Protein chains: 2
Amino acid sequence: MFEEALTESRRYREAVAPEILGSLAEFLAIPNVTPGGLDRNAIWIRDELMRRGARSAVTQIPGAAPLVFGRVDGEPGGPTIGLYAHFDGQPADPSGWSSPPFTPTLRPGKVEDGAPVIPWPVPGERVDPDWRVYARGSADDRGAVAALLGALDARTGRRPAASLVFALEAEEEAGSPHLGEYLGLLADRLRADVWVVCDGPVHPNGSPVVAFGVRGMAEIEITVFGPPGDLHSGHFGDWAPNPAALLSGLVAGMRDEAGIPTIEGLAVSDPGEAARAAAAAVPEPADPGFAGDGGPSPWERALGSMLNVRGLAAAGVGERARNVVPRAATASLDLRLAAGQDPVGAVEAVRRHVAAAGFHLVEDEPDDTVRRAHRRIARVEGRAAYPGVRTALDDPGAATVVAAVEAAAGAAPVVIPSFGSSMPLHHFAALEAPLVIVPIANHDGNQHGSDENLRVGNLWYGIDLVAALLG
Amino acid sequence: MFEEALTESRRYREAVAPEILGSLAEFLAIPNVTPGGLDRNAIWIRDELMRRGARSAVTQIPGAAPLVFGRVDGEPGGPTIGLYAHFDGQPADPSGWSSPPFTPTLRPGKVEDGAPVIPWPVPGERVDPDWRVYARGSADDRGAVAALLGALDARTGRRPAASLVFALEAEEEAGSPHLGEYLGLLADRLRADVWVVCDGPVHPNGSPVVAFGVRGMAEIEITVFGPPGDLHSGHFGDWAPNPAALLSGLVAGMRDEAGIPTIEGLAVSDPGEAARAAAAAVPEPADPGFAGDGGPSPWERALGSMLNVRGLAAAGVGERARNVVPRAATASLDLRLAAGQDPVGAVEAVRRHVAAAGFHLVEDEPDDTVRRAHRRIARVEGRAAYPGVRTALDDPGAATVVAAVEAAAGAAPVVIPSFGSSMPLHHFAALEAPLVIVPIANHDGNQHGSDENLRVGNLWYGIDLVAALLG
């Protein structure tokens, strides 16, 4: 089924590898961290897509960065695949980079291993798949856009078996604030049997990955209020309520040592035998540098919810410590939600838990009357909540994608029922289609960091993958 | 017994009140926050003491600020009283002051209530006891030195019933780093039946105070170490040990809600019925602005030990929050010790408690091997520890002081078995005498703050007090 497309794709990238890298370098030279730069990226991408025969347009909601969307028609009656990628990047401070972030450079290996800058290859020159292209947005996530362009370029006139619709976003690094609105507006044009979210890195062992979900997210900040100001701890330490001590007890009672919330109303329903078995089959990650607890693998845990304590603050420690009862203490938490858990309800469950622990809940800094009336006072702020997403492992559309990945990579992918991390993929609900996440970038590409890079072999994998999806 | 001395003292201060304030103003105009200024203070004090017939000298340990010490001989066979005060002050930023901190000014009331600057009185002019002298070190603690000078000045040739030895320190605000050494070197010259530590403010209701002790102190900082660096909480939140969560549980298990340590080895022996009854009889403090717990008064609690959480820190909260498993979390604690508790042993008890909670103890940041071997890793740092001090309520020397206070103030003092706060009074152990703390300054004198001030009536009380002690 993928044979012909892959033969075409491989022949193409072997014949014109230097030219493909030249086009990628042209793309990566356009800064993708400013509104003007994102506009130029969008126009460049649209023009390149149209030159390759796709229908494509740039659209823009007022106040949002532009979105590039479009369509490639396949055989009538064939399936339709959706492809998502993003072309915006994390801010890039040039001082941390070995070469300027928007001057794409080629190296025969990793700069950390001493690989020097080499000249871009001339037409006909052999290109090594272990070469790397350094630039902001090479791995995260403009390589995925380049893979789409390459796969379209590789075609020799044959009509694809599948139709392809695509949405290329420019606000992913800002948390995709308008993605839901864009997808809602374009839902009629973006109907597909399955969406492929092309972002993130492949497995550290080099295996291709297909992930069927992500966790949702609720950011929660709990502040416990003590006396009206920092008080002398000698005089008041065994008299005034100590918000740092009260907060410690509260936080300690909200999760078990593996991070599973021990809060009423946050129970997670059984993800099912198939998901559990698939999660258990994911290869163990490499030594993370800390002692594990001997329990289930991270992939099995990622099917449940998790409460992380991401920050604590009360008065000062170290050189800044003073002998006071702090006036307040704050814990910042991120609650990762399993698919099916309601983020608004989750924040409410936390609020109820804090109230049940005897805290008087306030919305703002308490006034003198409230402070005199209650010894335990807390504010619970819930922020930026969105639900998780999980596609059934036996979804037929997803099965097509897994097959395409295996054909393109020449190896069965690692199937991950859910990432432990969170992405706002719930926005795709507007499209009423299942989705899977298929990364193409190398895992050691310094995404978000300096010296971000894309391994050429991973670009080849991406081109082959899109070619196989088109069929 | 105190009648004659007090008659003398009152007649003196009524006759020459303007001259006494003039001498105080001369004293307070000498800055007491720099080494040079402290030297000038010491010489001024010594000269004034000698002019009033006391034997006095300035001594100086290399690297320390000077100490003024000396003696006034009383009737042979009479008791000897020791008097401690300090003449150094907290740093004073003039920008926060209504008049420059070293330009003493007189006001007929509190500057916060709009009291203006008034001229210094001329000889013969009436002086109101509610007037206040504004300058750094007026209340804390040069007023006590001025009281000594006034009491000596008041004498009309009669030999005092008691002898007086004195030690006037210039490093109190720096934590008295050399006081123990000074007292040890001068022990033979400073023998007394009881020492009177003349520092701090009287009771907010204006009552005189005699305190029989202070708590000791151990500063403890506990750092729990997690992964080698901040890790992505989506991927690692239910896999890596979370030091902020572990620290919360640890801290919550170290004290009850009233701050009493729940650590084995920190039990406090019964302070005795007399101390408990005296503590219970101390007038209730004013409304502190927070809800109490309905338990014993702060003075009763001050007879025991207390563990305060004075600071917490792990990664960021609020705008600085990021989705990480923090690499470390720190709690800063101050452990207040009842008299008789060994501060070194107390730190060891905390260390044992942390180890018993399953933590592998380290002295420094753990290396990769330690991190891979232990899921719970903590560092316990104990700092600046010193023991508490408590004089028996029925001590005969202290009884003399209480009687003198009552005679000088015309009212029975509030007897406080122990302050909840800590002062390094254990240094007086070198003198092998009981001690009591007798403040003379008004409670609303902004000690350590800007617009520090001494109420004239409190200076009169101080002069009368020292006169009565001399007898």
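The values are calculated or read from the model by the stated rules, or taken from the named source; none is laboratory data. Only a predicted model underlies this, so the values are computations on that prediction, with no experimental measurement involved. Neighbour counts are summed over all protein chains in view; Cβ atoms, including those assigned to glycine, are modelled from backbone coordinates with ideal geometry. Please note that ligands, DNA and RNA were not included when accessible areas were found on the heavy atoms of the full protein model with its side chains. Shrake-Rupley method; radii C 1.70, N 1.55, O 1.52, S 1.80 Å.
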- Query: Using Cα-only point scatterers and the Debye equation, what is log10 of I(q)/I(0) for the range B:327-471 at each q in 0.15, 0.17, 0.18 Å⁻¹, rounded to two decimals?
  - Reply: -0.91, -1.05, -1.12
- Message: Give me a comma-separated list of calculated 3J(HN,Hα) values for the range B:130-140, in order, Karplus coefficients 6.51, -1.76, 1.60 applied at θ = phi - 60°, integers in Hz, x for any Gly or Pro.
- Response: 8, 5, 10, 9, 9, 4, 5, x, 5, 8, 10
- Item | Under-5 Å amide H pairs with B:ARG376, H placed in peptide plane, nonlocal only | B:HIS360
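Hey, can you find the accessible area per residue of the protein assembly as shown for me, probe 1.4 Å, expressed in square angstrom? List each step's numbers first, then the result.
On the way: 34670 Å² over 942 residues.
For the protein assembly as shown, the per-residue accessible area is 37 Å².
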- Message: Using a label point 7 Å beyond Cα on the Cα-Cβ vector, give me the inter-copy distances for B:ASP113 in nanometres, one decimal, shortest first.
- Response: 8.1
- If you plug each phi of the range A:355-364 into the Karplus form 6.51 cos²θ - 1.76 cosθ + 1.60 with θ = phi - 60°, what whole-Hz ³J(HN,Hα) values come out, in order, with x for Gly and Pro? 5, 5, 7, x, 8, 7, 8, 10, 9, 10
- Query: What nm distance separates the two modelled labels at A:ALA355 and B:GLU406, each placed 7 Å from Cα along Cα→Cβ?
  - Reply: 5.6 nm
- the range B:85-175: trypsin sites (Lys or Arg not before Pro) falling in loop per DSSP and having at most 14 other Cβ within 10 Å: B:ARG126, B:ARG158
- Query: Can you give the helix-only mean residue ellipticity at 222 nm for chain A, where every DSSP H stretch with n ≥ 4 adds -39500 (n - 2.57) and the sum goes over all residues, rounded to the nearest 500 deg cm²/dmol?
  - Reply: -8500 deg cm²/dmol
- Query: Along the range A:333-342, what does the Karplus equation 6.51 cos²θ - 1.76 cosθ + 1.60 (θ = phi - 60°) give for ³J(HN,Hα), rounded to whole Hz, x for Gly and Pro?
  - Reply: 10, 10, 9, 8, 10, 6, 4, x, 7, 8
- Query: When the accessible area of chain B is split by element with a 1.4 Å probe, what percent falls to carbon and sulfur?
  - Reply: 53 percent
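Please compute the Kirkwood hydrodynamic radius of the range B:205-279 from all pairs of different C-alpha atoms, in Å with one decimal.
17.0 Å
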- Across bins of 10 angstrom width beginning at 0, how are the C-alpha pair distances of the range A:1-144 distributed, in whole percent? 10, 33, 35, 19, 4, 0
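Partner chain Cβ atoms within 10 Å, averaged over the residues of B:228-234 - can you pull that number for me?
Numbers: counts 3, 1, 1, 4, 2, 13, 13.
Per-residue shielding by partner chains comes out at 5.
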- Query: So what's the convex hull volume per residue for the Cα atoms of the range B:126-243, in Å³?
  - Reply: 266 Å³
- Task: Give the angle, between 0 and 90 degrees and rounded to the nearest 10, that separates the Cα long axis of helix A:3-15 from the longest principal axis of the Cα atoms of chain A.
- Result: 80 degrees
- Mind checking the dipole of the range B:352-432: about its Cα centre, +1 per Lys or Arg Cβ, -1 per Asp or Glu Cβ, Debye to the nearest 20? 500 debye
- Site B:GLU365, offset 7 angstrom along Cα→Cβ, radius 14 Å on amide nitrogen, limited to the range B:310-326, gives none
- Message: Please list log₁₀ I(q)/I(0) at q = 0.23 Å⁻¹ for the range B:1-65, using the Debye equation with identical point scatterers on the alpha-carbon positions.
- Response: -1.04
- Chain lengthening between A:ARG55 and A:GLU381 when straightened (0.36 nm per residue, less Cα-Cα): 112.9 nm
- Over the alpha carbons of the range A:270-363, what is the largest minus smallest coordinate on each principal axis, giving the biggest first in Å? 53, 35, 17
- Grab the Cα-Cα distance for B:GLU319 and B:ASP444, subtract it from 0.36 nm times how many residues apart they are, and report the gain in nm with one decimal. 41.2 nm
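Please give me the summed charge of the neighbours of B:ARG107: other residues whose Cβ is under 15 Å from its Cβ, Lys and Arg +1, Asp and Glu -1. Walk me through the intermediate numbers first.
Values: positive: B:LYS110, B:ARG132, B:ARG455; negative: B:GLU112, B:ASP113, B:ASP128, B:ASP130, B:ASP444, B:ASP451, B:GLU452.
Value of the local net charge: -4.
Name the shape class, rounded, prolate or oblate, that the alpha-carbon gyration tensor gives for the range B:65-175, where a ≥ b ≥ c are the square roots of its eigenvalues, rounded holds for a/c under 1.5, and otherwise prolate holds if a/b is larger than b/c and oblate otherwise. Intermediate results must be reported in sequence, preceding the final value.
Details: a/c = 3.37, a/b = 1.51, b/c = 2.24.
In terms of gyration-tensor shape, oblate.
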- Label geometry 7 Å along the beta-carbon vector: B:GLY289 inter-copy distances in nm: 4.4
- Calculate, axis by axis, the spread of Cα positions in chain B along the three principal axes, and write the results as whole Å, longest axis first. 82, 49, 48
- Summed side-chain charge close to A:GLU381 - residues other than A:GLU381 whose Cβ falls under 12 Å, Lys, Arg +1, Asp, Glu -1: -1
- Along the dipole axis of the protein assembly as shown (charges at Cβ: +1 for Lys and Arg, -1 for Asp and Glu; origin at the Cα centre), the most positive-end residue among B:PRO208, B:GLY295, B:ILE61 is B:ILE61
- Query: What is the calculated FRET efficiency for A:ASP39 to A:TRP120, with r their C-beta to C-beta distance and R₀ = 25 Å, to the nearest 0.05?
  - Reply: 0.45
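Find, among the GluC sites (Glu not before Pro) in the range B:17-126, those assigned to loop by DSSP (not H, G, I, E, B) with at most 16 other beta-carbon atoms within 10 angstrom. If you can, show how the numbers build up before the last one.
Values: sites: B:GLU19, B:GLU26, B:GLU48, B:GLU112, B:GLU125; in loops: B:GLU125.
Hits after loop and neighbour filter: B:GLU125.
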- Rounded to the nearest 5, what % of the DSSP beta bridges within the protein assembly as shown are antiparallel ones? 70 percent
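What are the semi-axes of the equivalent ellipsoid for the range B:245-285, taken as the square roots of 5 times the Cα gyration tensor eigenvalues, largest first, in whole Å? Can you show the working numbers first?
Details: eigenvalues 178, 42, 3 Å².
One finds semi-axes of 30, 14, 4 Å for the range B:245-285.
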- Report the dimensions of the protein assembly as shown along its three principal axes from the alpha-carbon atoms, largest first, rounded to Å. 123, 49, 48
- With no solvent and one point per C-alpha, what does the Debye sum give as log10 I(q)/I(0) for the range A:353-427 at q = 0.11, 0.13, 0.14, 0.27 Å⁻¹? -0.56, -0.63, -0.66, -1.21
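Suppose R0 equals 51 Å. What FRET efficiency, 1/(1 + (r/R0)^6) with r the Cβ-Cβ distance, do A:GLU264 and B:HIS203 give to the nearest 0.05? Intermediate values should be presented prior to the final figure.
Numbers: r = 48 Å, r/R0 = 0.95.
Working from the Cβ atoms, E equals 0.60.
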- Message: Suppose you put the label 7 Å out from Cα in the Cβ direction; list, shortest first and in nm with one decimal, how far A:GLU257 is from each other copy's label.
- Response: 2.7
- Task: Could you tell me which of A:SER305, A:ALA346, A:VAL325 has its Cα farthest along the dipole of the range A:302-375 towards the positive end, charges placed at Cβ (Lys, Arg +1; Asp, Glu -1), taken about the Cα centre?
- Result: A:VAL325
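For A:GLY272, what charge total do you get from the other residues with a beta carbon under 14 Å from its beta carbon, if Lys and Arg give +1 and Asp and Glu give -1? All intermediate terms of the calculation are to be shown ahead of the outcome.
Working: positive: A:ARG276, A:ARG390; negative: A:ASP270, A:GLU273, A:GLU300, A:ASP394, A:ASP395.
Residues near A:GLY272 contribute -3 overall.
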- Whole-angstrom gap from the range B:102-129 to the range A:29-76, using each part's C-alpha centre: 78 Å
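Counting protein heavy atoms only and a 1.4 angstrom probe, how many square angstrom of accessible surface do chains A and B bury in total, to the nearest 100?
Working: alone 20200 and 20190 Å², together 34670 Å².
Roughly 5700 Å² of accessible surface disappears when A and B pair.
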